[in-house]
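The values are calculated or read from the model by the stated rules, or taken from the named source; none is laboratory data. Owing to the predicted nature of the structure, the values given are computational and were not obtained by experimental measurement. As a convention, Cβ positions derive from the backbone with ideal geometry for all residues, glycine included, and neighbour counts pool all protein chains shown. Just so you know, the surface numbers come from the protein's heavy atoms only, side chains and all, with ligands and any DNA or RNA stripped out. Shrake-Rupley method; radii C 1.70, N 1.55, O 1.52, S 1.80 Å.
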Amino acid sequence: MNYLIVGGTSTIGKILINSLVRQEHTCYVISRSDPERSHPSVKSLKMNILEEEIPEDYLPQVLDGMVYLPGNINLKPFRALSAEAFREAYEINFIGSVKSIQAAEKSLKRSENASIVLFSTVAVKTGMPFHSAIASAKGAVEGLARSLAAEFAPKVRVNTIALSLTDTKMANRFLDSESKMKAMEERHPMKQIGDPNDVSVLVEFLLSKNAKWITGETIRADGGIGTLKV
Ligand SMILES: NC(=O)c1ccc[n+]([C@@H]2O[C@H](COP(=O)([O-])OP(=O)(O)OC[C@H]3O[C@@H](n4cnc5c(N)ncnc54)[C@H](OP(=O)(O)O)[C@@H]3O)[C@@H](O)[C@H]2O)c1
């Protein structure tokens, strides 16, 4: 199978790609930086998804899935967020997803089991202070995913994973001391933060045929924080 992973140098992306390659799939991987290791089944393309177009001849004729990982976390009181901060969040989370899906659509529609996986935040469905920029941008992503799930059915499934704090490069500044880590773990009913390995497994499931009956969903992977009051 062929998969496009935009943001494949992320913690989740790397774990996912290693697993897909082990199963003899081919990964088309986009990010602004160079991948740390090369592999014959990993076709890397260094580009900024917001500033450039994915070249037509980069993607294969048939794509069986795509995952869009780029995003940002800009948590500030509403009054401290400029219109530009909202625009930035919208660009990297939403416009980047749109551009990637538009580039991949034709190839995805040639597959027997095509699946798109996008990323959101638990703060879309559960109101959280200081999340107005990211929650609005990810709300747009969830709306996009649901609309496209309808428009692309039955050819291509589209789902979103809504994360709470997960141990990746992006979340470093919230987790860079023992006390911060402890405090973040305590906030979650499951008393732990997100593990990128678990997220990768969930992405793989949504890409696979085992998820052939699942589309238009936003699936929370959030240690219970978005649903439970304990
Ligand atoms: N981690 C969390 O706690 C958390 C919580 C809630 C939601 N989420 C969401 O989950 C998703 C994955 O998060 P993450 O923590 O794994 O993210 P991350 O560590 O920041 O990884 C993002 C990936 O996207 C690439 N990227 C960023 N901007 C790009 C651009 N303009 N063009 C091409 N590639 C670009 C990055 O590589 P380069 O820098 O090399 O380009 C990197 O590979 C995001 O959408 C995030 O909003 C995460």
Exercise. Is it true that I134 is β-branched (V, I, T), near the ligand (Cβ under 10 Å from one of its atoms), open to solvent by less than 40 Å² (accessible area, probe 1.4 Å) and over 12 Å from the mean Cα position of the chain (by Cα)?
Worked result: yes
Exercise. Any residue in the range 164-182 that is assigned to a loop (DSSP other than H, G, I, E, B), of a type in the set (S, T, N, Q) and touching a Ser or Thr at 6+ places or on another chain (Cβ under 7 Å)?
Worked result: yes
Problem set entry | Selection within the range 47-80 - within 8 Å of the ligand (Cβ to nearest atom) and open to solvent by 100 Å² or more (accessible area, probe 1.4 Å) | E51
For this session: Would you check if there is a residue in the range 6-14 being open to solvent by less than 30 Å² (accessible area, probe 1.4 Å), part of a strand (DSSP E or B) and within 15 Å of the ligand (Cβ to nearest atom)?
Result: yes
Exercise. For the range 138-151, what are the residues that are touching a helix residue (DSSP H, G or I) at 6+ places or on another chain (Cβ under 9 Å) and closer than 15 Å to L207 by Cβ?
Worked result: A145
Seminar exercise, completed: In the range 29-41, anything more than 10 Å from the ligand (Cβ to nearest atom) and in contact with a Ser or Thr (Cβ under 8 Å, 6 or more places away or on another chain) is listed as E36, S38, S41
